[in-house]
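The values are calculated or read from the model by the stated rules, or taken from the named source; none is laboratory data. The shown structure was predicted, so the numbers you read here are calculated from the model rather than taken from an experiment. Backbone-built Cβ (ideal geometry, glycine too); neighbour counts: all protein chains shown.
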Amino acid sequence: MDKARAVGVRAIVLAPFYYHSVAIPSGTATLPDFIGDRAMSFAVAAALGCLSRSPALPDENYVKHMLELPGLASLFETDEPRLMRPLGKRLNIDAELGFSKSIQDATSTGNLKTWFFVQEIPVDTVYQGAYFGIDPFELASEIEGREVSNFHVRVGRHLSGLLRLEKATVPTVRLNAHTAMKFGKDVAGRGVRVERYAMHDMQPTEKIGLRMAAEMVSDWRVNTQAA
């Protein structure tokens, strides 16, 4: 397998989704510009049947898990970031968390809201990015025994979002400098700068060509040992 292989991908939103990113009064804000690289990496792996089928969650170790994935994704970016109107959500504390003293204290102080608002990414929003390490469409075709030109993945909070992925010509992409740091790497070592600090775990680089991006991601994985 060519670990430096790059495949351009278009992602079209078929079902709205949100994710908690930045705290705002009465809720959290979704950043509509990007879909996270790690979210897309795991979403593709899940759709292709490459994740463990155990009902028990493993210990959180992003580096170990990402090293075991068939490939990694870039950040996915849209040229037309959009959000739907605020939507109220309810955290059903009595059903999901019980009424322990710590939960009651957190709720009464406002640190755990029973009602909050989110804004979702609307249907038909188009994102573009790349997948490195394998061609997921070739793997899907091998699994299905027929040519597969597109498939669907789940993203967002509670996996409420549905995306259709299809091959596309994508000349440049952005990597996530935070993911590089997870692997103990610094994108500046390849002369690539961070263009924007979107949030702590999403630090988009400047746009770079697919080949260079694939080589950088390959280096993260090849020269890193899981903790």
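Could you please let me know if ARG90 is in contact with a strand residue (DSSP E or B) (Cβ under 6 Å, 6 or more places away or on another chain), at pLDDT below 95 and exposed (fewer than 10 other Cβ atoms within 10 Å of the Cβ)? Judged against the criteria, ARG90 is a match. Considering segment 150-167, and only residues there that are closer than 17 Å to GLY49 by Cα and surrounded by fewer than 20 Cβ atoms within 10 Å (Cβ to Cβ), the residue that is modelled with the lowest pLDDT turns out to be LEU159.
Per-residue answers, yes or no, for (1) more than 12 Å from TYR131 (Cβ to Cβ); (2) assigned to a helix (DSSP H, G or I); (3) at pLDDT below 95; (4) touching a Gly at 6+ places or on another chain (Cβ under 8 Å):
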site: ARG10; (1), (2), (3), (4): no, no, no, no
site: MET40; (1), (2), (3), (4): no, yes, no, yes
site: PRO58; (1), (2), (3), (4): yes, no, yes, no
site: VAL63; (1), (2), (3), (4): yes, yes, yes, no
site: LEU67; (1), (2), (3), (4): yes, yes, yes, no
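Residues considered: SER141, SER160, SER218. Of these, the only one that is free of Cβ contacts under 8 Å to residues at least 12 places away in the same chain and of a type in the set (Gly, Ala, Ser) is SER141.
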